[in-house]
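Below you'll find the structure, written out as structure tokens, and then a few comments.
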Amino acid sequence: NAGVTQTPKFQVLKTGQSMTLQCAQDMNHEYMSWYRQDPGMGLRLIHYSVGAGITDQGEVPNGYNVSRSTTEDFPLRLLSAAPSQTSVYFCASRQGNDNQPQHFGDGTRLSIL
Amino acid sequence: AQSVAQPEDQVNVAEGNPLTVKCTYSVSGNPYLFWYVQYPNRGLQFLLKYITGDNLVKGSYGFEAEFNKSQTSFHLKKPSALVSDSALYFCAVRDPNTGFQKLVFGTGTRLLVSP
């Protein structure tokens with residue numbers, strides 16, 4: 001059981017480049033989310049999805065796009081990378097019941113030069 | 001809006017001693033509370049949760065947490081610390097009254113258990 005799988009694990013980009021962070025889950029979870037983790041700031045929600053075809057913004061959505069064409073996949077796109085987007089990105093999924101915990105991937109460590 | 005505070009950036013404890021990692025929260029309704037642990041270069045792993053019922057909840061790896069509504073706290077505890085417990089711990093709160101039930105995280109507390 002793979003759980004939540006994120007690729008790549010590491011990436012270095014130049015300012016202005018675009019890229020897609022991949023996230024896939026095999027637990028048939030309805031809800032999926034993207035977070036970024038920065039020192040001293042905990043995890044902040046970027047975008048989330050409550051089901052295939054449905055996405056919405058979190059607290060720090062600027063500079064990022066998402067789509068949810070299938071239940072399993074929830075890619076995060078950086079449109080034009082900026083140094084402020086240097087961070088560790090985590091994808092998470094959970095069942096739709098209110099009291100269920102999130103399952104996290106191991107993260108993508110992204111550096112923007 | 002809900003919020004979480006973890007007042008200690010780091011907690012140091014000797015192996016075999018009890019440990020406490022503090023968490024206080026603010027939410028408009030009855031909260032759903034969670035603790036997660038993060039080991040180096042890994043994602044967050046779920047430890048335990050409080051939804052309703054008994055104020056003392058038990059979780060993975062011998063951890064437990066006590067929900068205190070009057071003090072709006074949800075401190076993580078373990079009777080006897082292990083060196084392998086050294087990690088980054090996050091408290092999180094979800095307000096079930098919000099549409100997505102967004103999970104809000106604290107800034108994390110680094111636990112260092114010395115041999």
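The values are calculated or read from the model by the stated rules, or taken from the named source; none is laboratory data. Source: prediction; values computed, not measured. Positions of Cβ are generated from backbone atoms using ideal geometry, with glycine treated the same way; all protein chains shown enter the neighbour counts.
Some points to look at:
- Qualifying positions in region B:12-33 - surrounded by 20 or more Cβ atoms within 10 Å (Cβ to Cβ) and either within 11 Å of chain A (Cβ to nearest Cβ) or not hydroxyl-bearing (Ser, Thr, Tyr) (or both): B:Leu19, B:Val21, B:Cys23, B:Val27, B:Pro31, B:Tyr32, B:Leu33
- For region B:70-85, the criterion of being hydroxyl-bearing (Ser, Thr, Tyr), touching a helix residue (DSSP H, G or I) at 6+ places or on another chain (Cβ under 8 Å) and assigned to a helix (DSSP H, G or I) is satisfied by no residue at all.
- Flag set for A:Leu13, criterion: buried (at least 18 other Cβ atoms within 10 Å of the Cβ) and over 30 Å from B:Pro7 (Cβ atoms).
- A:Thr86 satisfies every condition listed in (1) at the interface with another protein chain (Cβ under 10 Å from one of its Cβ atoms); (2) surrounded by 15 or more Cβ atoms within 10 Å (Cβ to Cβ); (3) more than 11 Å from the chain's Cα centre (by Cα) except (1).
- So A:Leu78, is it buried (at least 19 other Cβ atoms within 10 Å of the Cβ), aliphatic (A, V, I, L, M) and under 23 Å from B:Trp35 (Cα atoms): no
- Of all residues making up region A:26-70, the number that are under 20 Å from A:Leu110 (Cβ atoms) and surrounded by 14 or more Cβ atoms within 10 Å (Cβ to Cβ): 22
- Qualifying residue in region A:6-29 (condition: over 23 Å from A:Leu113 (Cβ atoms) and aromatic (Phe, Trp, Tyr)): no
- Scan of region A:95-113 for residues that are facing another protein chain (nearest Cβ under 9 Å) and crowded, with 21+ Cβ neighbours inside 10 Å, ordered by number: A:Pro101, A:Gln102, A:Phe104, A:Gly105, A:Gly107
- In region B:34-48 there is at least one residue matching the filter, namely being at the interface with another protein chain (Cβ under 9 Å from one of its Cβ atoms), without any contact (Cβ under 8 Å) to a residue 12 or more places away in the chain and on the phi > 0 side of the Ramachandran plot.
- Just one of the listed residues (A:Gln22, A:Gln57) is of a type in the set (S, T, N, Q) and modelled with pLDDT under 95, and it is A:Gln57.
- Among the candidates B:Leu19, B:Leu82, B:Leu47, residue that is modelled with pLDDT of 95 or more, within 29 Å of A:Thr108 (Cβ to Cβ) and in contact with a strand residue (DSSP E or B) (Cβ under 8 Å, 6 or more places away or on another chain): B:Leu47
- Enumeration of residues in region B:1-60 that are basic (Lys, Arg) and not in a strand (DSSP E or B): B:Lys22, B:Arg42
- Counting only residues that are charged (D, E, K, R) and over 13 Å from the mean Cα position of the chain (by Cα), region B:41-87 holds 4 of them.
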